[in-house]
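Notes for the one structure printed next.
The values are calculated or read from the model by the stated rules, or taken from the named source; none is laboratory data. All values reported here derive from a predicted model rather than from experimental measurement. Here the Cβ positions follow ideal geometry from the backbone for every residue, glycine too, while neighbour counts run over all protein chains shown. Protein only, heavy atoms only, side chains kept; ligands, DNA and RNA dropped before computing areas. Shrake-Rupley method; radii C 1.70, N 1.55, O 1.52, S 1.80 Å.
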Amino acid sequence: MAVMTQLPLDAHSRQLLDALGDAVFIWDRETRHFVDCNRKAVERYGYELDTLREMTPFDLHPESERGLVEHYLTLPGHVGVRRYHHRYRDGRLAEVEMRVESTHAYGRDALMAIVRDTTQEADAARAIEERDERYRRLFESSTDGIILMSSAGRLLEANRAAQDMFGLSSSEIIQRTLADLVPEDSIPMIEKTLENLEHGGDLRLEMPYQRQSEQRFAEISASSFELGGSRIIQAILRDTTNRREIEDRLVRQALHDQLTGLPNRTLFRDRLRMAIEQAKRRGERFAVLFVDLDRFKSINDTYGHSAGDRVLVNVARRFKGLLRPGDGVARIYGDEFALLLHKVKDHTDVMAIARRLEQALLRPMRIDDTDLVVTGSIGALHSDAGVSTVDQTLRDADAAMRRAKQSGGAATRLFETEMRASTYLRSDLEGDLRRATNRRELFLRYQPMIDLQTGYVAGFEALLRWQHPTRGELGPAEFLDLAEATGLLGPIGEWGLAEAAKRVLEWRELANSNELSVSVNLSNRQFSELDSEGFLAKYVEDIGLPPDALRLEITEGTLIESPAVEVLADLKDSGIRVYLDDFGTGYSSLSYLQRLTIDSVKIDRSFVRELGETARAYQIVQTIVALAHSLRLRVIAEGVETEQQLELLRGLKVDWAQGFYYAKPLLPDEAYRFLTDRLQTRTAS
């Protein structure tokens with residue numbers, strides 16, 4: 001039989017009941033109506049006491065718990081602590097913890113329930129549970145590896161990504177320490193890292209790790225925290241192997257030539273800087289060889305850039321094959337290579353290696369069923385020459401290379417101190433040349449060309465000059481190479497063409513000389529870059545000059561090194577005439593001349609100079625005239641200085657002549673006076 005508690009509700013008991021922090025309900029076991037409650041019950045549930053007395057426990061529970069209520073109402077004695085839901089008057093559904101006991105009150109059998117609202121506790125518990133679940137999901141689903149380990153580095157747990165990184169299962173990984181998962185030479189770093197983390201804080205580093213037999217790299221963010229009195233280290237790992245490979249490739253691309261695979265100028269400069277520092281500190285000698293391939297442009301123009309690329313790759317391979325251990329070769333720019341030679345005793349050693357480079361280049365290269373022979377101009381510099389900076393060293397080697405090229409190429413020149421002065425002069429001259437166009441220091445002189453049959457002025461050759469502010473009047477030989485190397489040749493050439501065209505147009509009108517023409521010299525590059533759309537023809541048409549009044553002079557070397565046939569055909573269609581300058585000194589053959597749509601050939605002055613002095617010169621000129629006339633080409637002799645030369649040329653049926661015998665190159669006003677004087681006299685010289 002259940003024990004019933006007698007509940008005396010005197011004033012003191014009421015005071016104790018109302019002082020409780022939990023709600024207390026008393027109801028009649030028989031009628032199941034509430035007969036009493038404490039103040040907390042009224043406050044929490046929101047019902048007045050009189051209202052509660054009309055209610056039963058069923059009114060506090062949701063419908064889904066009706067069976068549970070029926071159960072505890074029928075239990076005799078102590079029901080114990082149970083968890084239920086109660087609905088407050090305002091509609092809120094609260095989670096409650098309720099202890100029900102049998103008692104005796106108000107002279108009847110009753111039940112007393114002490115009810116504690118556990119909603120906040122339940123919410124907090126659920127929040128903790130949800131947080132733990134979220135952490136577990138994040139832990140397992142993270143694409144970054146996450147490991148937990150003791151302060152000694154023993155692995156306690158690892159997520160799936162970490163297991164995949166190391167190639168180990170969960171059971172395999174927790175049997176190891178972090179030191180087991182890195183290369184042996186990284187263990188001291190791991191031990192130092194664990195030591196630092198043991199004292200709190202966090203750490204970020206990149207380290208290698210082992211995935212079975214493969215070494216990879218990971219970025220690690222690690223921190224430590226206290227758990228159950230022990231220091232736990234949490235590490236987040238992100239594999240950086242692919243990123244490092246991409247970065248390495250980018251660095252390699254930035255420091256290596258994409259075509260040949262050789263180091264580029266940037267990397268070569270860095271290695272040269274280190275060689276200079278070692279030379280200063282330890283006295284170690286070194287040498288630099290600067291190689292520029294001769295006539296490489298003609299290979300590109302004749303066989304195409306693909307063939308040119310294969311030549312460069314072949315040259316790079318040959319140079320690499322000649323290197324000693326520790327030496328290096330780089331492609332500096334275009335067809336320029338540089339070699340850095342370590343532990344070179346003296347100039348004799350340098351020149352011996354340079355000779356080997358020359359011989360390596362001379363071996364024929366098979367390109368598209370053609371055997372090509374490439375030569376190079378080599379500048380050699382030994383550190384004994386006195387080097388202090390990278391830039392100076394490269395300038396000195398370049399100066400020696402240019403001296404080799406000026407001597408005709410296919411040669412090596414050892415740097416000498418006097419070359420440095422010419423380099424500085426060239427540098428100063430470059431700055432002056434860049435300012436020359438703005439200062440209007442460039443101008444044209446005009447040398448008359450005389451028709452030997454009539455004695456009239458047939459035309460003028462426009463000759464470029466530079467009035468240098470300190471060095472006086474300079475001829476094109478003193479600055480055109482520099483203009484081409486610095487990219488100024490194009491603008492200067494365009495100015496010269498426009499100036500000459502406008503000048504001859506003016507003279508034709510003033511002197512009423514409709515047959516007058518002007519010839520302008522073009523370099524290899526200018527000729528190869530002529531606009532195939534008829535730019536020149538359109539220009540002369542726009543200013544009112546007949547196209548045949550403009551003559552372009554090119555050398556035999558230009559024809560060999562340019563796509564001549566196509567360009568000449570375009571010029572012929574536009575009406576512009578072409579002179580082949582310095583004829584007899586180059587490579588032209590009869591069969592080649594027959595393919596070219598040129599108008600005239602100019603006999604080189606070296607043959608004219610020897611006329612009357614050697615039979616050989618006379619025979620050469622005679623042959624040239626006969627050859628040209630057979631092809632219906634006009635023959636012009638340049639460099640005529642004596643009456644004897646002039647008479648011999650007339651006898652050989654040369655068409656036109658020019659030279660100091662008639663006039664030196666003249667300023668525009670002088671040239672116009674010469675023209676009008678000849679027109680007035682109309683007598684041949």
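Name every residue in the stretch 39-53 that is open to solvent by less than 10 Å² (accessible area, probe 1.4 Å) and in contact with a Lys or Arg (Cβ under 8 Å, 6 or more places away or on another chain), in order of residue number. So that I can check it myself, show each step before the final result.
First, the residues of the stretch 39-53 that are open to solvent by less than 10 Å² (accessible area, probe 1.4 Å): 41, 45, 52.
Selection gives Tyr45 alone.
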Exercise for the section: Identify, by number, the condition in (1) open to solvent by less than 50 Å² (accessible area, probe 1.4 Å); (2) within 35 Å of the chain's Cα centre (by Cα); (3) among the charged types (D, E, K, R) that Asp481 doesn't meet. Expected result: (1)
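What about Gln453, is it closer than 19 Å to Tyr662 by Cα and in contact (Cβ under 8 Å) with a residue 12 or more places away in the chain? If you could, list the steps in order and put the result at the bottom.
Values: closer than 19 Å to Tyr662 by Cα: yes; in contact (Cβ under 8 Å) with a residue 12 or more places away in the chain: yes.
The answer is yes for Gln453.
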Problem - Arg678 vs. criteria modelled with pLDDT of 90 or more and assigned to a helix (DSSP H, G or I) - result: no
Problem - Every residue from the stretch 326-345 that is more than 18 Å from Ile276 (Cβ to Cβ) and of a type in the set (Asp, Glu) - result: Asp335, Glu336
Problem - strands (runs of 3 or more DSSP E) contained in the stretch 275-376 and holding at least 1 residues open to solvent by 70 Å² or more (accessible area, probe 1.4 Å) - result: 328-333, 365-367, 370-372
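Regarding the stretch 265-272, can at least one residue be identified that is in contact with a helix residue (DSSP H, G or I) (Cβ under 7 Å, 6 or more places away or on another chain) and open to solvent by 70 Å² or more (accessible area, probe 1.4 Å)?
Kept after step one, since they are in contact with a helix residue (DSSP H, G or I) (Cβ under 7 Å, 6 or more places away or on another chain), are these residues of the stretch 265-272: 266-267, 269, 272.
Right, trim to open to solvent by 70 Å² or more (accessible area, probe 1.4 Å) and you get 266, 269.
Taking every residue of the stretch 265-272 in turn, at least one turns out to be in contact with a helix residue (DSSP H, G or I) (Cβ under 7 Å, 6 or more places away or on another chain) and open to solvent by 70 Å² or more (accessible area, probe 1.4 Å).
For the stretch 460-471, name all the residues that are open to solvent by 20 Å² or more (accessible area, probe 1.4 Å) and at pLDDT below 90.
Quick first cut of the stretch 460-471, residues open to solvent by 20 Å² or more (accessible area, probe 1.4 Å) only: 463-465, 467, 469-471.
Within the stretch 460-471, Pro469, Thr470, Arg471 meet the criteria.
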Practice task
Can you confirm whether the stretch 189-200 contains a residue that is open to solvent by 20 Å² or more (accessible area, probe 1.4 Å), without any contact (Cβ under 8 Å) to a residue 60 or more places away in the chain, of a type in the set (A, V, I, L, M) and over 15 Å from Leu148 (Cβ atoms)?
Solution key: yes
Problem - Looking only at the stretch 599-625, and only at residues there that are free of Cβ contacts under 8 Å to residues at least 12 places away in the same chain and part of a helix (DSSP H, G or I), the one that is most open to solvent (accessible area, probe 1.4 Å) - result: Arg616
Handout entry: Residue within the stretch 173-182 that is open to solvent by less than 30 Å² (accessible area, probe 1.4 Å), in contact with a helix residue (DSSP H, G or I) (Cβ under 8 Å, 6 or more places away or on another chain) and closer than 22 Å to Tyr135 by Cα present
Key = yes
Problem - Filter result (open to solvent by 60 Å² or more (accessible area, probe 1.4 Å), over 19 Å from Arg154 (Cα atoms) and either basic (Lys, Arg) or part of a strand (DSSP E or B) (or both)) within the stretch 205-239 - result: Glu206, Glu214, Gln215, Arg238
Exercise for the section: Would you check if Gly91 is at pLDDT 85 or above and either under 21 Å from Phe58 (Cβ atoms) or not hydroxyl-bearing (Ser, Thr, Tyr) (or both)? Expected result: yes
Practice task
Could you look through the stretch 79-103, keep only residues that are assigned to a loop (DSSP other than H, G, I, E, B) and touching a residue at least 40 places away in the same chain (Cβ under 8 Å), and pick out the one that is most open to solvent (accessible area, probe 1.4 Å)?
Solution key: Arg89
Completion exercise
Per the filter on the stretch 240-264, residues under 30 Å from Arg154 (Cα atoms), touching a residue at least 24 places away in the same chain (Cβ under 8 Å) and open to solvent by 30 Å² or more (accessible area, probe 1.4 Å) are Arg244
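Have a look at Val288, Val315, Val329 and point out the one that is within 24 Å of the chain's Cα centre (by Cα) and modelled with pLDDT of 90 or more. So that I can check it myself, show each step before the final result.
On the way: Val288 fails: within 24 Å of the chain's Cα centre (by Cα); Val315 fails: within 24 Å of the chain's Cα centre (by Cα).
Result of the check over Val288, Val315, Val329: Val329.
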Fill in the blank from the handout: Going through (1) free of Cβ contacts under 8 Å to residues at least 12 places away in the same chain; (2) of a type in the set (D, E, K, R); (3) more than 30 Å from Ile26 (Cα to Cα) one by one, Asp123 fails only at (3)
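What do you reckon, is Ala158 buried (at least 16 other Cβ atoms within 10 Å of the Cβ) and within 25 Å of Ile246 (Cα to Cα)? Steps first, answer last, please.
Numbers: buried (at least 16 other Cβ atoms within 10 Å of the Cβ): yes; within 25 Å of Ile246 (Cα to Cα): no.
Answer is no for this residue.
Return yes or no: is Arg32 touching a Pro at 6+ places or on another chain (Cβ under 8 Å) and either modelled with pLDDT of 90 or more or of a type in the set (D, E, K, R) (or both)? Outline the logic, then answer.
Values: touching a Pro at 6+ places or on another chain (Cβ under 8 Å): yes; either modelled with pLDDT of 90 or more or of a type in the set (D, E, K, R) (or both): yes.
The answer is yes for Arg32.
Would you mind finding the one in Gly459, Gly455 that is within 30 Å of Leu648 (Cα to Cα) and part of a strand (DSSP E or B)?
Every option except Gly459 fails the conditions.
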Problem - Cβ pairs under 9 Å, 6+ apart, first in the stretch 425-442 and among the hydroxyl-bearing types (Ser, Thr, Tyr) and at pLDDT below 85, second open to solvent by less than 100 Å² (accessible area, probe 1.4 Å) and not in a helix (DSSP H, G or I) - result: Thr437/Leu488
Exercise for the section: Give me the pairs, please: first residue somewhere in the stretch 471-484 and within 13 Å of Phe443 (Cβ to Cβ), second residue anywhere and modelled with pLDDT of 80 or more and surrounded by fewer than 16 Cβ atoms within 10 Å (Cβ to Cβ), beta-carbon distance under 7 Å, and either six or more positions apart or on two chains. Expected result: Glu473/Gln467
